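Comments concern the structure below.
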Amino acid sequence: IEHVRARLARYKAPRKVIVVDTIGRSPAGKVDYRALKQLALDRVGA
């Protein structure tokens with residue numbers, strides 16, 4: 001994250017990074033953003 005913070009504006013740099021093995025996909029093969037958001041909320045909390 002420090003590498004990114006040194007190169008991007010403060011508001012563009014992520015506060016946290018969550019590493020996952022796989023990203024869920026919809027039946028159409030697109031990223032399932034709802035599932036991804038829920039995974040982040042479960043791991044980090046809100």
Item to complete: Among R43, R10, rank each residue by its count of other Cβ atoms within 10 Å, from fewest to most, as a rough exposure measure.
Response: R10, R43
Worksheet item: Residue by residue through the stretch 11-21, which ³J(HN,Hα) values in whole Hz follow from phi under the Karplus form 6.51 cos²θ - 1.76 cosθ + 1.60 (θ = phi - 60°), with glycine and proline marked x?
Response: 6, 8, 7, x, 7, 9, 10, 10, 8, 10, 6
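Read-outs throughout are calculated quantities, based only on the coordinates presented, and are distinct from any laboratory measurement. Here the structure is a predicted model, which is why all the values come from computation and not from measurement. When we count neighbours, we look across all protein chains shown, and the Cβ atoms used for this are built from the backbone with ideal geometry, even at glycine.
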